[in-house]
Amino acid sequence: MLMFMQELSGKVAVITGAGSGIGRALARRFAAEGMKVVLADRDEVKMRSVEAELAERGTEVLPVVCDTSLEDDVQALADATVERFGGAHVLCNNAGVVGKGDAWRSPMSSWEWVIGINLYGVIHGIRAFLPIMEDQGEGHIVNTASMAGLVAIPGAAPYNVAKSGVVALSEGLFLELAATGSLVKVSALCPGFVKTALMSDQLWTERLGADPGMPETPMGQMIDQVFRQGVEEGIDADEVATQVVDAIRAERFWILTHSEMRHLPVERMQRAERQENPA
Ligand SMILES: NC(=O)c1ccc[n+]([C@@H]2O[C@H](COP(=O)([O-])OP(=O)(O)OC[C@H]3O[C@@H](n4cnc5c(N)ncnc54)[C@H](O)[C@@H]3O)[C@@H](O)[C@H]2O)c1
């Protein structure tokens with residue numbers, strides 16, 4: 001069988017959320033593979049520091065300020081990529097936020113924010129880049145979901161919904177591409193906890209204000225309790241990037257980075273089969 005993406009050197013990787021955490025680790029890793037790298041982030045300061053680091057090592061880098069929740073921004077990202085590099089071979093739809101607070105008592109803006117970035121951001125990315133990849137006859141789309149897309153984490157309803165949606169649309173896309181004989185590949189990246197800036201309040205405060213009418217409730221505190229310590233003690237983002245590159249080379253759909261967590265979605269479905277309640 002012909003495997004297209006064995007040789008990454010000279011090809012073009014586009015990464016959203018490239019200014020920090022997993023996105024930054026992916027950018028560094030693709031650069032180390034000799035790829036040209038397009039960085040997209042809504043935080044220009046963080047993105048510029050990654051740009052400087054990669055450019056210093058001789059990587060061809062294009063930084064694009066982009067809010068992935070906005071369709072026009074993502075289309076402009078695709079246009080800028082083609083204009084500068086003539087195509088795009090790897091797309092990592094990675095930008096994401098957790099949100100915070102009580103999903104059932106806080107303003108709807110908290111749902112719109114999380115789903116706008118984590119779910120619509122991925123949809124925008126696929127719609128903008130899939131035609132480019134199909135025209136050039138090769139490409140690999142990596143959608144960052146989460147273990148939260150495979151098992152529900154209490155206290156994080158908008159995040160669970162968005163990440164479940166990313167898993168669902170990625171799996172559907174995989175089957176559609178295979179059924180239509182497309183040469184474009186897709187992967188769903190489902191990490192457990194990774195040590196990044198994911199739980200920083202900075203983005204939340206910038207976007208929704210310091211206090212967007214958020215009631216202090218036990219349910220609202222759950223997200224902090226579950227995520228804060230988990231992320232603090234999470235694996236290194238470089239390890240995630242290594243697994244992503246391996247999956248691209250192997251044309252593998254599932255990237256469940258934490259082997260010790262792979263049994264969780266299996267047990268969930270076993271409970272469903274037995275008609276037992278969630279545990
Ligand atoms: N850290 C974890 O434990 C973990 C686990 C599973 C999945 N994930 C997912 O990994 C992805 C990356 O998160 P991370 O952990 O590296 O966090 P991070 O906060 O370190 O990095 C996220 C980056 O995305 C950028 N970003 C946020 N909103 C954006 C937008 N609208 N448009 C463009 N860029 C935007 C941020 O500026 C930041 O640079 C997210 O989708 C997250 O949900 C993280």
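The numbers here are math on the coordinates, done by the rules we state, and not lab data. These figures come from a predicted structure and were not determined experimentally. Ideal geometry is used to build each Cβ from the backbone, glycine not excepted, and the neighbour counts take in all protein chains shown.
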A correct fewest-to-most ranking of THR180, THR68, THR59, THR257 by other Cβ atoms within 10 Å would be THR180, THR59, THR257, THR68
Over all viewing directions the Cα convex hull of the stretch 1-131 casts an average projected area in nm² of 9.0
Per its Cα gyration tensor (rounded if a/c is under 1.5, else prolate when a/b beats b/c, else oblate), the stretch 224-279 is best filed as oblate
Set LYS11/LYS163; LYS163/LYS195; LYS36/LYS163, cut-off 20 Å on Cα-Cα distance; pairs above it are LYS11/LYS163; LYS36/LYS163
Dipole check, the chain, charges on Cβ (K,R +1; D,E -1), about Cα centroid: among GLY234, SER49, ASN118 the Cα furthest to the positive pole belongs to GLY234
The chain, Gaussian network, Cα under 10 Å: of VAL240, VAL122, VAL82, the residue fluctuating most is VAL82
Looks like the stretch 106-168, by Cα gyration tensor root eigenvalues a ≥ b ≥ c and the a/c under 1.5 rounded cutoff (else prolate when a/b is bigger than b/c, oblate otherwise), is oblate
For the stretch 139-144, in residue order, the Karplus 3J(HN,Hα) values (coefficients 6.51, -1.76, 1.60; θ = phi - 60°; whole Hz; Gly and Pro = x) are x, 9, 9, 10, 9, 7
Most fluctuating of GLY234, GLY34, GLY181 in the GNM of the chain (C-alpha, under 10 Å) is GLY181
A student applying the Cα gyration tensor rule (rounded when a/c is under 1.5; otherwise prolate if a/b is larger than b/c, oblate if not) would label the stretch 7-273 prolate
